[in-house]
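Enquirer: Here it is: the structure, laid out below.
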Amino acid sequence: SECIGILLREESNLKTLDLSWNIFNSEVFTSLGEAVARHDSVRTLRLRSCSAITAEADPPISCFAEVLARNKGLTQLDLSANRVDSSVALIIEEALQRHRRLRRLDLEENPLGVSGLRSLLRLLAEPRSALKLLEIDRCLYGFDEPDKLPTFSATTPGRRYSLDLSRPYHRSLLRMLYTTAERLKVQPDATFQGLVCTEKDFAHAKRDSAGVWSGVPAQGKLDFVFCIYPAVEAAAKGLADGDFRGFLQRYLQIARSQPSLKEAVPLLARWRNLEGRPADQLVYLKALSKDFNLSSSCLEHLCSHCPDLAGIVVPRLFPCLPDDVAARHLGLSIFQTAGCYMKAWPELLPFLNFNPENPTGHYKLDLERCSEHGVAQRLLLLNTWESILDKGVGRADSSQHGDGSHLRNARYHGEPVYSSCATIAEWALPENGLFEFDYVSGRRPPETAAALEDTFDALLVQLRGSRSDPLSKVAVLRSISHCVYFTSMQIRQMLTLLDGAGARTELVVALFTRILDMQNAKLWRSCFEKPEDYERVKVRLGFVTMFPFFQPENACFKLDFTSYEQRLCMSILRGLEAKEKADTNLCECTYVQEDGTEDKLAGGVPRPWATLAQVPIVGSFSGSYRCMPQDRRFLDRRELARLYGALRGELQDVDVNWWASLAETPADVLALVELLFWRYPEAPGAETAFQEIDFKATGTVKFQDFEPYLQELSCTKFKGGSAEEERERVRGVFNFLDPGQTGELKPDQWQVLSMLWRELDLTLSELVGFLSRVFGGNLQEAWTMLDSKGRGVLSRDEFSAAIRRHGFFGPTRAACVHVDAGESGKITRGGFLALSKYKEPLK
């Protein structure tokens with residue numbers, strides 16, 4: 001240290017100093033750095049292989065690198081073979097960002113790794129830096145996260161940081177965050193949230209007259225969340241709430257390095273120097289694939305020197321291109337052969353399939369792949385923006401964990417992301433690993449949106465006729481989903497053409513935000529015949545998102561109180577019951593406590609549960625909701641849908657197609673509906689039965705009227721036991737229709753049967769409509785194809801299987817009920833042809 005002080009005394013005119021091949025510890029490097037900072041006459045400094053191997057957490061060279069920010073004279077610096085890893089590289093980046101003279105930096109034979117190289121490439125592309133020549137031979141391998149240090153990402157810097165300010169890397173990282181806030185044009189007080197420092201009187205650093213961040217403490221620990229919400233809000237200023245693509249373009253333009261032609265030249269020159277070293281080229285591409293915006297001409301230049309690597313260069317750097325049609329076309333046109341294009345296709349596919357205008361879906365991303373890492377970055381940015389939008393419109397937090405996030409079921413390397421952080425805003429996106437999650441956008445159709453009409457029938461024909469597997473069909477629909485909107489009835493029709501619960505789930509998820517009349521969601525919910533299939537939809541899209549705000553009648557709820565969103569569902573449900581019918585609408589309720597004890601809640605669901613904070617945080621609940629039509633509080637339901645379901649517009653009662661699902665209906669009630677459907681095939685169907693029972697026109701039906709009526713119809717559906725058991729089953733059906741236990745049924749209560757009758761009628765109309773489209777309206781030809789063996793009769797199972805073979809996967813129960821009047825279990829040709837009156841499906 002004394003020798004260095006003598007060499008670099010202020011009156012010295014020393015221009016070149018070579019101290020290579022010494023062994024310096026942190027103390028010597030600190031003294032050297034301070035001397036170089038004071039002495040601006042030195043132009044060339046060589047420190048090759050000087051960093052001692054010590055037990056310290058940081059390489060000794062980091063102490064010297066940190067002080068470089070205050071030097072103004074160096075033009076050449078050699079730090080080769082000094083154990084410069086990714087942490088030291090970030091220190092160098094932060095220190096030299098505004099250095100106006102340093103033009104050459106030698107870092108050969110250092111374990112930079114991908115992260116370290118990225119820091120130096122950002123420095124090379126920094127317009128305020130004079131650096132033009134970067135020597136990095138034999139140094140592209142190393143540990144990207146030494147000692148599990150907190151990492152830095154210019155694109156997504158938001159996360160929780162715990163810094164030890166006694167370490168140079170942590171201090172430099174803090175300065176980088178200050179620089180990031182400055183670049184994003186937000187104040188530190190707005191971005192550094194929840195700040196806790198062990199040192200008293202902590203104050204944010206400020207740039208001094210030399211442009212250096214001053215005031216960063218050299219001791220103490222600092223914990224905070226770097227919040228990019230203000231930056232995101234500023235970037236989205238002036239954009240429409242639904243312009244997701246425009247937001248991403250604007251934010252990435254601000255946050256990332258965007259080298260001009262002048263800055264791009266050294267980047268491209270460095271790439272050319274790596275020619276013939278494919279392993280180094282791959283590391284270089286991975287470093288360049290994040291935190292940079294590149295033009296298609298840059299990609300073309302990179303490929304021109306290594307044509308054989310086009311299939312590698314383009315997929316890795318494609319996420320760096322502007323997100324517009326022209327740039328993508330130019331990027332893909334770089335491929336000179338179809339074989340090269342097809343080779344790159346698997347890696348490009350996840351990014352090309354990503355639709356920022358409709359991001360709702362399931363993602364399983366390998367972060368090692370640059371294209372998939374780019375998708376993850378964009379989704380995290382969209383999540384931040386949508387969280388801001390939710391707060392702006394006063395939308396309640398309906399997220400899975402109560403943190404306002406639109407990500408659900410997030411897992412990294414198979415472990416829940418929330419096991420390592422309290423909110424997704426505190427989580428840092430890793431460089432590699434498997435990241436799997438669902439994204440559920442809060443975007444909803446504008447009030448002026450119109451459903452696809454003229455070409456919808458053609459869409460159904462293509463959907464049915466395509467030889468692609470069901471999931472591929474859904475992927476195509478997702479890719480164009482931002483251009484179209486659908487009604488609930490149209491969603492239902494598409495569901496009947498998809499085989500398998502998995503494909504149906506994917507269709508609902510892909511098109512959920514494109515449905516115009518969510519108040520009629522029960523129309524397509526009815527296509528999920530098994531409760532567990534629809535339960536998967538709720539897990540994917542969210543229990544609150546899928547809450548049946550407008551038509552909760554007969555819906556079954558199974559809620560796990562350890563989940564925030566499911567406790568919120570309980571609160572909504574109990575609050576709605578309190579407004580509509582005090583304590584009688586929630587039926588067949590059971591609360592299972594943490595120790596497994598069952599409570600049947602004989603006194604009703606506790607009233608305090610209407611408040612979220614009063615719902616237990618352990619245990620589970622099951623039950624169903626029933627409400628008499630006259631007790632519905634439509635305005636309250638609409639307000640809940642607006643607050644939690646992102647409803648837009650002023651819906652009225654007449655806008656709701658009141659419906660009932662067969663899957664939510666008890667078996668005995670369904671048996672009665674089938675009987676009425678066979679007995680009264682013409683509309684108004686079940687309403688005719690009410691009039692016949694109430695032949696005196698009193699407007700009510702009592703049990704003593706209801707039971708004899710079933711006997712007159714020679715109903716055998718409730719037989720199978722003693723007369724008392726049969727009577728109890730009939731009583732159970734009556735009580736289902738009379739949830740208030742008034743002892744009599746009125747036309748409003750009878751509507752449940754009418755709605756179920758309409759559901760059967762609709763399923764039959766859909767089936768016949770499908771056969772008409774496939775066979776040109778010729779049901780005789782349809783029967784010939786279904787009865788391929790020419791026997792003239794099919795069992796119910798054979799009939800259903802034949803229908804599925806021809807591409808219809810909706811329910812066939814109604815057809816069997818209508819045709820097999822005698823319940824023989826057989827479908828005959830004559831009975832099938834009697835379906836001709838249903839040729840035109842309901843609209």
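The values are calculated or read from the model by the stated rules, or taken from the named source; none is laboratory data. Since this is a predicted model, take the numbers as computed values, not measurements. Heads up, the Cβs are rebuilt from the backbone with ideal geometry, glycines too, and the neighbour counts pull from every protein chain shown. Only protein heavy atoms, including side chains, enter the accessible area calculation; ligands, DNA and RNA are left aside. Shrake-Rupley method; radii C 1.70, N 1.55, O 1.52, S 1.80 Å.
Enquirer: Go through (1) touching a residue at least 60 places away in the same chain (Cβ under 8 Å); (2) in a helix (DSSP H, G or I); (3) within 18 Å of residue 749 (Cα to Cα) one by one and return the number of the condition residue 678 breaks.
Expert: That leaves (3) as the condition not met.
Enquirer: Do the conditions hold for residue 404, that is, is it within 17 Å of the chain's Cα centre (by Cα), in a loop (DSSP other than H, G, I, E, B) and without any contact (Cβ under 8 Å) to a residue 24 or more places away in the chain? Spell out how you get there, then give the answer.
Expert: Details: within 17 Å of the chain's Cα centre (by Cα): yes; in a loop (DSSP other than H, G, I, E, B): yes; without any contact (Cβ under 8 Å) to a residue 24 or more places away in the chain: yes.
Against the criterion (within 17 Å of the chain's Cα centre (by Cα), in a loop (DSSP other than H, G, I, E, B) and without any contact (Cβ under 8 Å) to a residue 24 or more places away in the chain), residue 404 qualifies.
Enquirer: Being within 19 Å of residue 662 (Cα to Cα), part of a helix (DSSP H, G or I) and of a type in the set (D, E, K, R) narrows it down to one residue among 707, 759; which is it? Lay out the reasoning, then the answer.
Expert: Details: 707 fails: within 19 Å of residue 662 (Cα to Cα).
That would be 759, the only listed residue that is within 19 Å of residue 662 (Cα to Cα), part of a helix (DSSP H, G or I) and of a type in the set (D, E, K, R).
Enquirer: Continuing with this model, one more query. If the requirement is being modelled with pLDDT of 90 or more, open to solvent by less than 80 Å² (accessible area, probe 1.4 Å), touching a helix residue (DSSP H, G or I) at 6+ places or on another chain (Cβ under 8 Å) and more than 18 Å from residue 101 (Cα to Cα), which of these qualifies: 62, 31, 20, 49? I'd like the intermediate steps shown before the answer.
Expert: On the way: 31 fails: modelled with pLDDT of 90 or more; 20 fails: touching a helix residue (DSSP H, G or I) at 6+ places or on another chain (Cβ under 8 Å); 49 fails: touching a helix residue (DSSP H, G or I) at 6+ places or on another chain (Cβ under 8 Å).
Result of the check over 62, 31, 20, 49: 62.
Enquirer: Which residues, counting only those in the stretch 765-777, are over 36 Å from the mean Cα position of the chain (by Cα) and among the aliphatic types (A, V, I, L, M)?
Expert: 768, 771, 774, listed by residue number.
Enquirer: Now a separate question. Taking the stretch 417-447 only, how many residues are modelled with pLDDT of 95 or more, open to solvent by 50 Å² or more (accessible area, probe 1.4 Å) and not aliphatic (A, V, I, L, M)?
Expert: Here the count works out to 1.
Enquirer: Would you call residue 315 part of a helix (DSSP H, G or I) and in contact with a Cys (Cβ under 9 Å, 6 or more places away or on another chain)?
Expert: yes
Enquirer: Of all the residues that make up the stretch 448-481, how many are in a loop (DSSP other than H, G, I, E, B) and either more than 19 Å from residue 515 (Cβ to Cβ) or open to solvent by 50 Å² or more (accessible area, probe 1.4 Å) (or both)?
Expert: Summing the residues that are in a loop (DSSP other than H, G, I, E, B) and either more than 19 Å from residue 515 (Cβ to Cβ) or open to solvent by 50 Å² or more (accessible area, probe 1.4 Å) (or both) in the stretch 448-481 gives 9.
Enquirer: Quick one: would you say residue 613 is free of Cβ contacts under 8 Å to residues at least 40 places away in the same chain, open to solvent by 70 Å² or more (accessible area, probe 1.4 Å) and within 29 Å of the chain's Cα centre (by Cα)?
Expert: Answer is yes for this residue.
Enquirer: Sticking with this structure for a sec: Are any of the residues in the stretch 733-752 within 20 Å of residue 464 (Cβ to Cβ), among the β-branched types (Val, Ile, Thr) and surrounded by 18 or more Cβ atoms within 10 Å (Cβ to Cβ)?
Expert: Going residue by residue through the stretch 733-752, those that are within 20 Å of residue 464 (Cβ to Cβ) are none.
Within the stretch 733-752, not a single residue is within 20 Å of residue 464 (Cβ to Cβ), among the β-branched types (Val, Ile, Thr) and surrounded by 18 or more Cβ atoms within 10 Å (Cβ to Cβ).
Enquirer: Being assigned to a loop (DSSP other than H, G, I, E, B) and open to solvent by 40 Å² or more (accessible area, probe 1.4 Å) is the filter here; which residues of the stretch 784-814 pass it?
Expert: 788, 789, 790, 791 - these are the residues of the stretch 784-814 that are assigned to a loop (DSSP other than H, G, I, E, B) and open to solvent by 40 Å² or more (accessible area, probe 1.4 Å).
Enquirer: Moving on. Can you run down the residue pairs with Cβ atoms below 6 Å, 6 or more apart or on separate chains, where the first is in the stretch 577-597 and loosely packed, with under 13 Cβ neighbours inside 10 Å and the partner is among the β-branched types (Val, Ile, Thr) and at pLDDT 90 or above?
Expert: The qualifying pairs are 594/618.
Enquirer: Can I ask one more? Mind listing just one residue for me: the one in the stretch 415-431 that is more than 17 Å from the chain's Cα centre (by Cα) and assigned to a loop (DSSP other than H, G, I, E, B) and, of those, farthest from residue 613 (Cα to Cα)?
Expert: Applying the filter and picking the extreme gives 431.
Enquirer: Which of the residues that make up the stretch 185-229 are touching a strand residue (DSSP E or B) at 6+ places or on another chain (Cβ under 7 Å), small (Gly, Ala, Ser) and loosely packed, with under 15 Cβ neighbours inside 10 Å?
Expert: Matches in the stretch 185-229: 194, 214, 215, 220.
Enquirer: Quick one: would you say residue 151 is surrounded by fewer than 21 Cβ atoms within 10 Å (Cβ to Cβ) and part of a helix (DSSP H, G or I)? Talk me through it step by step, then tell me what you get.
Expert: On the way: surrounded by fewer than 21 Cβ atoms within 10 Å (Cβ to Cβ): yes; part of a helix (DSSP H, G or I): no.
So residue 151 fails the test.
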